[in-house]
Amino acid sequence: MPYNYKGDLYKYEIVEKLQDRGYNVQSVHALNKIMEEMGLLIHYGNGWETTDKGAKFSMWHKGVFNSDVWHPELVDEIIKYLNN
């Protein structure tokens, strides 16, 4: 279920959408690693912090620790990244 009326998605929902489209993303941790490679997240302590680049896909802002809600457009951005 989307997080709110705008359709924001939890990370596990993003993983499901990627799997439905045939991408081998097996877990939220794997998604976090992909998002780190894309420059959207930084591994920080025991969690993940949103970067400036990642903030445009989040309902929150830069520096949010363990942000778990993301705009649906992120799915397309991840697919573009995985295809390159």
Cross-link reach from residue 80 to lysines, straight Cα distance under 18 Å and at least 8 residues apart if same chain, gives 11, 17, 33, 53, 56
Length-normalised contact order of the stretch 9-83, Cα under 8 Å, at least 6 apart, in percent, tallies to 27 percent
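Quote the charge dipole size of the stretch 9-83 about the Cα centre in Debye, to the nearest 20; the model charges only the Cβ of Lys and Arg (+1) and of Asp and Glu (-1).
80 debye
Per DSSP H run of at least 4 residues, take -39500 (n - 2.57); add these up for the chain, divide by its residues and hand me the 222 nm value, nearest 500 deg cm²/dmol.
For the chain, the value works out to -11500 deg cm²/dmol.
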The long-range amide H neighbours of residue 67, using H built 1.01 Å from N in the peptide plane and a cut-off of under 5 Å, are 50
Using alpha carbon centers only, the stretch 31-84 is separated from the stretch 10-30 by a whole-angstrom value of 13 Å
Relative to the compact-globule estimate 2.2 N^0.38 Å (N residues), the Cα gyration radius of the stretch 9-83 stands at a ratio of 0.99
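Values quoted throughout were computed directly from the atomic coordinates according to the rules given, and no laboratory measurement underlies them. As the structure is a computational prediction, the values presented were derived from the model and not from experiment. In this analysis, Cβ positions are derived from the backbone assuming ideal geometry, glycine residues included, and neighbour counts consider all displayed protein chains.
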